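Structure, as structure tokens:
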Amino acid sequence: MCNWMLQAHPEKAVGTGGRKVRTDTGDCWDNFNVVFTYPGEVQISFGSTQFGTPAFDAAVRFFGPKGSCEAHYDHRVFISGQEPWDAGLGAAAKEGAQFSAAGTFKGALDLADSEKQKSFIQSITSGQFHNQAEQGGESALSAMLGRTAAYTGKPVTWDELLRSKEVFDPGLNIAKLA
């Protein structure tokens with residue numbers, strides 16, 4: 001989401017984390033904290049935990065000179081500041097209302113799947129295909145950049161990541177799935 005918002009990928013990252021609480025099999029870290037630096041020295045901080053049974057939430061918060069916005073995975077979405085806006089969480093959707101920025105929905109994802117399906121089918125039937133492979137690749141590489149910075153404990157640049165010869169092998173035996 002940050003890449004989309006900033007229309008760029010991070011130039012570098014520094015991070016930390018570890019496996020402090022999880023006791024299940026494997027070596028998956030249960031917490032990460034990463035700072036990504038984008039062009040123009042814009043810094044984005046990322047934090048995550050994967051342990052316990054806390055209430056689920058995934059959110060982004062952007063801060064700027066005119067205000068801030070907060071978008072949760074399936075909760076309230078709002079902008080505060082000079083031009084405030086609120087999605088109207090909890091407000092009943094109007095009968096037959098179209099999903100729009102005016103927001104007459106209960107959660108951020110209320111019509112997401114059906115809208116994505118409509119857009120996908122329309123892109124095929126109209127011949128105006130959505131090719132988001134580049135954005136998907138950059139998104140995956142951004143996550144790898146953060147993971148690499150945290151695992152090594154050292155700052156890592158985008159170019160260093162692209163030059164890396166590291167191969168991630170989860171050790172899956174696909175033949176066992178057949």
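Read the figures in this text as sums done on the coordinates, not as results from a lab. This is a predicted model, so every value here is computed, not measured. A quick note on method: Cβ atoms are made from the backbone with ideal geometry, for glycine too, and the neighbour counts reach across all protein chains shown.
Compared with the dominant principal axis of the Cα atoms in the chain, helix 133-152 is inclined by about 50°. For the stretch 9-32, the residues whose backbone nitrogen is under 18 Å from a point 7 Å from the Cα of Ser45, taken along Cα to Cβ, are 12-18, 31-32.
Label positions at Trp85 and Arg163, each projected 7 Å from the Cα along the C-beta direction, are separated by 4.2 nm.
What does the extension gain come out to for Asp27 and Phe129, with contour length at 0.36 nm per residue minus their alpha carbon separation?
On the way: separation 102, 0.36 × 102 = 36.72 nm, distance 3.98 nm.
Result: 32.7 nm gained on full extension.
So, by mean Cβ neighbours within 10 angstrom, what's the order for 143-155, 71-83 with the highest one leading?
Working: 143-155: 17.5, 71-83: 14.8.
Most protected by this proxy first, the peptides run 143-155, 71-83.
Distance between the pseudo-spin-label points of Glu70 and Lys116 (7 Å out from Cα toward the beta carbon): 2.5 nm. In this structure, the amide hydrogen of Arg19, modeled 1.01 Å from its nitrogen in the peptide plane, lies closer than 5 angstrom to those of Asp30, counting only residues at least 5 positions away or on a different chain. Taken along its principal axes, the alpha carbon cloud of the chain reaches lengths of 52, 48, 37 Å, longest axis first.
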